[in-house]
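Written below as structure tokens is the structure these notes are about.
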Amino acid sequence: MDVNTTSYLVYEEKKRPFPLNWLLSVDHKRIGVMYAFTMFTFFAVAVSLGFLLRLQKLFPQSSGWEIIPADMYGSVFTLHAIIMIFLFIVPGAPAILGNFFLPLQIGAKDVAFPRVNLLSYWLYLIGAIMALAGVLVGGADTGWTFTVPYSVTTHTMSVFGIEFNSVSWMLTAAFVLGWGTILTGINFIVTVHRLRAKGMGFFRMPLFTWSLYATSWLQVLATPVVGITLLMVVVERFMPIGFFDPNKGGDPILFQHLFWIYSHPAVYIMILPSMGLISEIIPTFSQKPIFGYKSIALATCSIAGVGYLVWAHHMFTTGISDIAVVTFSFLTFLVGIPTAIKVFNWIATMYRGSIRLETPMLYAIAFIYNFMIGGLTGLLLGNLGTDIHLHDTDFVVGHFHYTMFGGGAFGIIGGIFHYWSKMTGKQYSSKLGNTAFTLMFIGFQFLYMPLLYLGMNGMPRRYHTYPDIPLFNTWQFVSTVGSWVLVAGVIMLFVTWIHALWKGKPTTERNPWNSSTLEWQTLTPPPLYNFAVEPVVTRDPYDYEKFRKDGST
Ligand code: HEM
Ligand SMILES: [Cu+2]
């Protein structure tokens, strides 16, 4: 049944001049696009900071080489991380591709609360501006983990005798940002429960929708914990109340529990949506139904569930009890099982498939490779025996870049290429896209693999330089050169997207990759009302046989 012919559900949005026709639009697609522009602008800023962090470590201390002064190094990696985590990877795929495609994947006209959706974007924007404005009042050098008691006691600068504590500024910014993601989570949960097309039961939902659903529950259940915790730090900075500062009778370990009760589930908020995108890309470019659809859907929920119970693996060196260490170590290993099921199912889907190595598929395969390294190194950190040695070293920095960047961010970028022509009505140049990918992938390995080795050899993280030791000199140098290649790839990525927006060949082709899920049935780009007729779902989302036979939805 063609969902684009009869027109009784068609409507228009109120006409407004640019940019109000965007900034005040409640259309989920426009909100997704606004997030894309804002988030990748911040990403570019944070990549530049990452580039500087690596450049600082090109040569050892004895060489006198210094790009970032020692007393500024902390502020630079803190800002790099605050932007990457709170302004890029946490809003991430749900904000851009979730907003644009969730209603299209389930056959709806929009999300459940369009105005709340716009409010979420505004809270994101206001929080982001506050976080960046924090730099103007001295920036924070606490690390993105805002570790106490340092973040309670440190004051950054005073102007004309007025104390400007930018840490409070950054904490409040993170609190505002948190509300943006909580409201997005509520919106997506209600949308999935209430707005699915006829015939689409839960086990007929596409896997990207499943990943957004599980992620939304984490956003709603975990984010309030960090919100209140950060506010407690702000209050403690101004008032004689002791929550976390031992000088005031507070407990710094309590802060770590509360902070990681959010921040570990937060890593699944970062990775589950990208995993959902990989589950869309792999069957499409293998032209085969996904292997083990139900087990992937259930693995998604169990990762979210068990992932909520492992937070203290970040605290093995804080002196928590042996029982606690063994319990959290066991639960950390337990999360490895549903993750392994997903990786196995993706590879099984590719097995004997007719593989097309288009740009989205390249990012999807790189995701699997990077995330395997990220996951396996995570098991080393989840085990007390090895973690005591590796905690707070560059091994940890390598580990989370493999998961968050090599996994999360590679997944988002692959997803944007996958849906590019559907979103923009224009084609991108595969040549440019594949060149960007190749530079990013190779640069990435040369940047972060050495950090794993340096950390195993004792190089602490967050140090602004290092002693003149041959092993350190070699691999710090290689890692920095790797960052140049990676950054060249990121620049190439932006060139690809700008070139496509500007000079890309227009297309109205609805389903260029021959994908089987519902969003590809709409016009390209989708009209404001998405579907002229409410779709009726009659098959499983990846039932290629039925899809090929009659093009059914
Ligand atoms: C070209 C891209 C990037 C480069 C060159 C880069 C480089 C770095 C370096 C060198 C550090 C370690 C600073 C130190 O401990 O001495 C660091 C820390 C960090 N990076 Fe990146 N990074 C990049 C992308 C990303 C991405 C995409 C994410 C997340 C999605 C990310 C998240 C973080 C976090 C959370 C920290 C920890 C900061 C802290 O200790 O508080 N980075 N980055
Ligand atoms: Cu963790």
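Brief remarks follow.
- Once the Cα-Cα distance is subtracted from the 0.36 nm per residue extended length, the Leu523 to Ile126 segment shows a gain of 139.6 nm.
- Values of log10 I(q)/I(0) for segment 346-424 across q = 0.17, 0.23 Å⁻¹ run -0.73, -1.00, by the Debye formula with one identical scatterer at each alpha carbon and no solvent.
- Difference of contour (0.36 nm per residue) and Cα-Cα distance, Lys248 to Val326: 24.9 nm
- Degrees between helix 430-456 axis and first principal axis of the chain (Cα, 0 to 90, nearest 10): 30 degrees
- Cα-based helix-to-principal-axis angle, 322-350 vs the chain, degrees rounded to 10: 30 degrees
- Neighbourhood charge, 10 Å Cβ-Cβ cut-off, centred on Thr524 and excluding it, Lys, Arg +1 and Asp, Glu -1: +2
- Here the simple spin-label model places points 7 Å from the Cα toward Cβ, and for Met72 and Thr153 these points are separated by 2.7 nm.
- Residue-averaged [θ]222 nm for the chain, counting only DSSP H segments that reach four residues, each worth -39500 (n - 2.57): -21000 deg cm²/dmol
- Given R0 = 35 Å, the distance between the Cβ atoms of His389 and Glu13 translates into a calculated FRET efficiency of 0.05.
- FRET efficiency for the pair Thr318 and Val116, taken as 1/(1 + (r/R0)^6) with r the Cβ-Cβ distance and R0 = 45 Å, rounds to 0.70.
- In this structure, the pairs whose alpha-carbon distance is over 23 Å, taken from Lys29/Lys431; Lys15/Lys198; Lys109/Lys422; Lys15/Lys109; Lys342/Lys422, are Lys29/Lys431; Lys15/Lys198; Lys342/Lys422.
- Percent of Cα-Cα distances greater than 22 Å, calculated over segment 182-279: 45 percent
- Applying a DSSP loop filter and a limit of 10 other Cβ atoms within 10 Å to the trypsin sites (Lys or Arg not before Pro) in segment 336-438 leaves Arg352.
- With all protein chains modelled, accessible area of Phe37 [1.4 Å, Å²]: 130 Å²
- Bins of 20 Å, starting at 0 and running to the largest distance - Cα pair percent for the chain: 21, 56, 21, 1
- On Cα atoms only, tilt of 359-381 relative to the major axis of the chain in degrees: 40 degrees
- Note on surface exposure: His193, His80 rank His193, His80 by accessible area, highest first, 1.4 Å probe.
- Annotation for Ser295 and Ala44: the two label points, set 7 Å from Cα along the Cα-Cβ direction, are 4.4 nm apart.
- Per-residue SASA remark: Thr181, around 20 Å² accessible (1.4 Å probe; ligands, DNA and RNA not included).
- Accessible surface of the chain, 1.4 Å probe, proportion on carbon and sulfur as whole %: 71 percent
- Shown here for segment 479-553: GluC sites (Glu not before Pro) in loop regions (DSSP other than H, G, I, E, B) with at most 14 other Cβ atoms within 10 Å, namely Glu509.
- The length gained by stretching the chain between Glu534 and Leu55 to full extension, at 0.36 nm per residue less their Cα-Cα distance, is 167.0 nm.
- Per-residue HN-Hα couplings for segment 421-426 [Karplus 6.51, -1.76, 1.60; θ = phi - 60°; Hz; x = Gly/Pro]: 5, 5, 6, 9, x, 9
- Model label sites at Phe202 and Lys431, defined 7 Å from Cα along the beta-carbon direction, differ in position by 5.0 nm.
The values are calculated or read from the model by the stated rules, or taken from the named source; none is laboratory data. All of these numbers come straight from a predicted model, not from anything done at the bench. Every residue, glycine among them, receives a Cβ derived from its backbone with ideal geometry; neighbour counts consider all protein chains shown. Please note that ligands, DNA and RNA were not included when accessible areas were found on the heavy atoms of the full protein model with its side chains. Shrake-Rupley method; radii C 1.70, N 1.55, O 1.52, S 1.80 Å.
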